[in-house]
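To keep things clear, I will list the structure first and then write my remarks on it.
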Amino acid sequence: MHIAIIGTGYVGLVTGACFAEFGVSVTCVDRDEKKIKSLKRGIVPFYEPGLEELVQRNIKEGRLNFTTSIAEAVDSSLVIFIAVGTPPRGDGSTDLKYVEDVAREIAANLNGYKVIVTKSTVPVGTGERIRKIISKELKAKSYRSCRNSLGGQVSAINFDIVSNPEFLREGSAIEDFMRPNRVVIGANSQQAIAIMKDLYKPLYLIETPFVITNIETAELIKYASNSFLATKISFINEIANLCEKVGADVHMVAKGIGLDGRIGPKFLHPGPGFGGSCLPKDTKALLKVAVDNNIELNIVNAVVRANERQRELMIKKIKDAMGLLKDKTIAILGLSFKPNTDDIREAPSIYIIKGLLKERAKIKAYDPVSMKAAKKVLPEITYCKDPYEAVKGADALVIVTEWNQFRNLELDRIKRLLKGPYFFDLRNIYEPEVLKEKGFKYFCVGRV
Ligand code: NAD
């Protein structure tokens, strides 16, 4: 089977490379010429562990191609995935411009039956919207060619729409794609479902559960999943804030509740709030869909507010401990929204640094892979070559992202290099007693 993936970002490129690894012939498309030029040489322009090797192997074995031309990719493909960005607008609604542009371009180049799949996270009703856009374009095309051929017959082109939301996590995207908890396929056509099952056959063979449903349900599953994960995070963050007041240990609370099989242990780790390109945007987009349909989603609403508050509380924690921050130097370790990615979209670090800059603090920062991306949004701070350069002469250290390399810092060296004794561990990766014994003024989230 030959397939096309339109959009070669974190989702599109992983999807393309993994399907190629399954033996499918894949053409990946992006309108970003620089990106495609780099990918053709086997260089992945963003950080995702293992992806570059996978891309290089599949290019070499002839199953993975790159182009900037949607026409070229559509021409030879039976299945076309749309994996472009769906950024939020100011009011929380989803900007579908890129998805709609791609739908029109696919329509302009359809040359026979195709299955058109949305992998991008899109609000309920988008599948139907894409169907209408493509039908309209096809009708206009047919009308134009009828006129050109002076009334000659133009055969109708069939297509099906499928929703196949993606649940991969940046940082472990390949493993998540190759061994997912489930594959969701939303479609109204048996033919399209059969083609999708065939495409995902290697996952069928390892007994991955498949959820086959209608398009609207599949679209909603994605938003409901992300909103539920966000709920767990905001829940434990609020419990952590209470723990600090009453002398309880949030790690033990999380363990105590997570051992209940009905609750589960995952996503119960407190911190500076959720970030990234998905949870903040998807919770807000779900709220917008609910408002448009006159439904109150009080829980999701509270989750979003609690998350915004959590970031503010982190700045307050630093201010309360250190007093006036004007001209104080603060070393920030970790900029990406989580470890093993260079993605800084909606990263807590960005909010926290901006808040500290507002207090006129000076910032020195270090991150293993995301400093290049951060420089574009935070050009005014100092970037360092390692954690020790960042803490040298600083009044405080703040760990914002729990990269593995920050878990074993040389604490005596840090203590010597830091001017002040303040150590804010916003990911709870150190033991409070150990840090206090070393003479740090140690603060974490939900433990005293
Ligand atoms: P991204 O910004 O990394 O990549 C999107 C790509 O689409 C870019 O390379 C861009 O140049 C390209 N593009 C935009 N318009 C185009 C066009 N007209 N023709 C060709 N290419 C075009 O985005 P991403 O993080 O991969 O996310 C893509 C979608 O997947 C979003 O809807 C997102 O919500 C969803 N998603 C993301 C993740 C994640 O962890 N990043 C996980 C699950 C779902």
Extreme residue, nearest to the ligand (Cβ to nearest atom), among residues of region 77-100 that are in contact (Cβ under 8 Å) with a residue 12 or more places away in the chain and open to solvent by 60 Å² or more (accessible area, probe 1.4 Å):
TYR98
Being touching a Leu at 6+ places or on another chain (Cβ under 7 Å) and either of a type in the set (Asp, Glu) or more than 12 Å from GLU346 (Cβ to Cβ) (or both) is the filter here, so list the residues in region 273-291 that pass it.
LEU286, LEU287, ALA290
Looking only at region 324-371, and only at residues there that are surrounded by fewer than 18 Cβ atoms within 10 Å (Cβ to Cβ), of a type in the set (D, E, K, R) and out of contact with any strand residue (DSSP E or B) (no Cβ under 9 Å at 6 or more places or on another chain), the one that is farthest from PRO49 (Cα to Cα)
LYS326
Please tell me if VAL44 is open to solvent by 10 Å² or more (accessible area, probe 1.4 Å), within 16 Å of the ligand (Cβ to nearest atom) and at pLDDT 95 or above.
yes
Determine which single condition GLN191 fails, assuming it passes every other condition in (1) within 16 Å of the ligand (Cβ to nearest atom); (2) assigned to a helix (DSSP H, G or I).
(1)
Being in a helix (DSSP H, G or I) and of a type in the set (Ser, Thr, Tyr) is the filter here; which residues of region 333-355 pass it?
SER349, TYR351
Return yes when TYR388 is free of Cβ contacts under 8 Å to residues at least 24 places away in the same chain and either on the phi < 0 side of the Ramachandran plot or not in a loop (DSSP other than H, G, I, E, B) (or both) and no when it is not.
no
Has region 164-174 got any residue that is open to solvent by less than 20 Å² (accessible area, probe 1.4 Å), within 16 Å of the ligand (Cβ to nearest atom) and part of a strand (DSSP E or B)?
no
Select from region 62-75 the residues that are closer than 12 Å to ALA17 by Cα and open to solvent by 10 Å² or more (accessible area, probe 1.4 Å) and write down the one among them that is nearest to the ligand (Cβ to nearest atom).
PHE66
Could you say which residue among GLY50, GLY23 is more than 14 Å from the ligand (Cβ to nearest atom), modelled with pLDDT of 95 or more and within 21 Å of the chain's Cα centre (by Cα)?
GLY50
Based on what the data block shows, is ASP282 in contact with a Lys or Arg (Cβ under 8 Å, 6 or more places away or on another chain) and more than 18 Å from VAL400 (Cα to Cα)?
yes
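The values are calculated or read from the model by the stated rules, or taken from the named source; none is laboratory data. Note that the structure is predicted; figures quoted are calculated from it, not measured. All Cβ positions, glycine included, derive from the backbone under ideal geometry; neighbour counts span all protein chains shown. Side chains included, ligands, DNA and RNA excluded: accessible areas come from the protein's heavy atoms. Shrake-Rupley method; radii C 1.70, N 1.55, O 1.52, S 1.80 Å.
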